[in-house]
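The values are calculated or read from the model by the stated rules, or taken from the named source; none is laboratory data. Quantities reported herein were computed from a predicted structural model and do not represent experimental measurements. Cβ coordinates were reconstructed from backbone atoms using ideal geometry, including for glycine residues, and neighbour counts include every protein chain displayed.
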Amino acid sequence: MRRSEIREHVFRMIFETEFHDESELSDQEKYYLGAALQTPADKKNKEEIKNRFDLVMTKLPEIDAIIEGADSGWALSRMGKIDLAILRLATFEIRFDDDIPEKVAVNEAIELAKRYGGDDSSSFINGVLARLMTEKE
């Protein structure tokens with residue numbers, strides 16, 4: 001499985017967290033991984049997806065604070081759930097994952113926004129991530 005496919009699964013799992021109580025997340029994670037990845041070859045990928053999702057979720061308060069700081073004028077609660085999930089994943093990759101170049105994280109986030117988001121999602125995400133990367137320097 002390519003990195004972009006793993007990233008897409010992690011994005012979907014982050015998105016799903018918006019619709020469940022925190023107490024249900026473990027069960028939802030198992031359900032998603034069981035339904036999405038069913039072949040024996042997927043076992044390694046399941047572990048990687050689960051680990052990446054868990055890492056994002058442990059950093060979620062920090063990630064949300066970074067996004068709010070980079071996005072002037074938009075509260076997280078006002079953002080579309082898809083845009084927020086994409087921003088959370090991209091922010092994690094930019095700030096906490098040294099294995100992924102920043103430009104790749106931004107590019108992949110924009111591609112996810114084009115695929116799953118609304119008409120303005122890709123430009124919105126690009127703008128927020130550009131500010132985030134400028135603040136980092």
Original post:
Quick one: which of E24, E8, E48 is farther than 17 Å from R88 by Cα, charged (D, E, K, R) and modelled with pLDDT of 85 or more?
Top reply: E48
Original post:
Among all residue pairs at least 6 apart or on different chains, which show Cβ distances below 7 Å where the first residue, located in segment 6-35, is of a type in the set (S, T, N, Q) and the second is not in a helix (DSSP H, G or I)?
Top reply: Q28/H20
Original post:
Do we have M79 as at pLDDT below 95 and touching a Phe, Trp or Tyr at 6+ places or on another chain (Cβ under 9 Å) here?
Top reply: yes
Subject >> Residues located in segment 92-113, provided they are under 11 Å from the mean Cα position of the chain (by Cα) and under 12 Å from R3 (Cβ atoms) >> reply: E93, A105, E108
